[in-house]
1. What are the residues in the range 1-16 that are part of a strand (DSSP E or B) and farther than 14 Å from Q41 by Cβ, if any?
2. Count, please, the residues in the range 9-32 that happen to be touching a strand residue (DSSP E or B) at 6+ places or on another chain (Cβ under 9 Å), loosely packed, with under 14 Cβ neighbours inside 10 Å and hydrophobic (A, V, I, L, M, F, W, C).
3. If the requirement is being without any contact (Cβ under 8 Å) to a residue 12 or more places away in the chain and not polar (S, T, N, Q), which of these qualifies: F24, F19, F14?
4. Condition first: aromatic (F, W, Y) and farther than 18 Å from V64 by Cβ. Now tell me which residues in the range 1-40 satisfy that.
5. It is to be established whether one or more residues within the range 53-61 are at pLDDT below 95 and among the β-branched types (V, I, T).
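The values are calculated or read from the model by the stated rules, or taken from the named source; none is laboratory data. If you're wondering where the values come from, they're calculated on a predicted model, not measured in any experiment. Methodologically, a virtual Cβ is constructed for each residue, glycine included, from the backbone with ideal geometry; neighbour enumeration extends over all protein chains shown.
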Amino acid sequence: MRRVAVDADGDAAFAWMGFDGADFRIQARARSASGALGTVQTLSDAGQNAASPQLAADVDGDAVAVWEHWDGANMNWQVQGAIGP
């Protein structure tokens, strides 16, 4: 599953599920309106499967990402998130 959010200036954020060899993790990357790509960041915690990323961006270019992660200790899905420019 892949997601993208774009602000009014054309800056974008992308999020997707990636596999690290053991678990599915949520990763993200920013792209400026001029086309400059930021580094890939892994947002979700190691050792826990994560799924269903969602993204939103405000008019200032700030983005929020949320996703579900499997909490093996409590045997349920929980929501996590990250905020960034």
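1. R2, R3, V4, A5, V6, A12
2. Count: 1.
3. Result: F19 is the single residue among F24, F19, F14 that is without any contact (Cβ under 8 Å) to a residue 12 or more places away in the chain and not polar (S, T, N, Q).
4. The first filter runs over the range 1-40 and keeps only residues aromatic (F, W, Y), leaving 14, 16, 19, 24.
Result: F19, F24.
5. Checked against the condition, which is being at pLDDT below 95 and among the β-branched types (V, I, T), the range 53-61 yields at least one hit.
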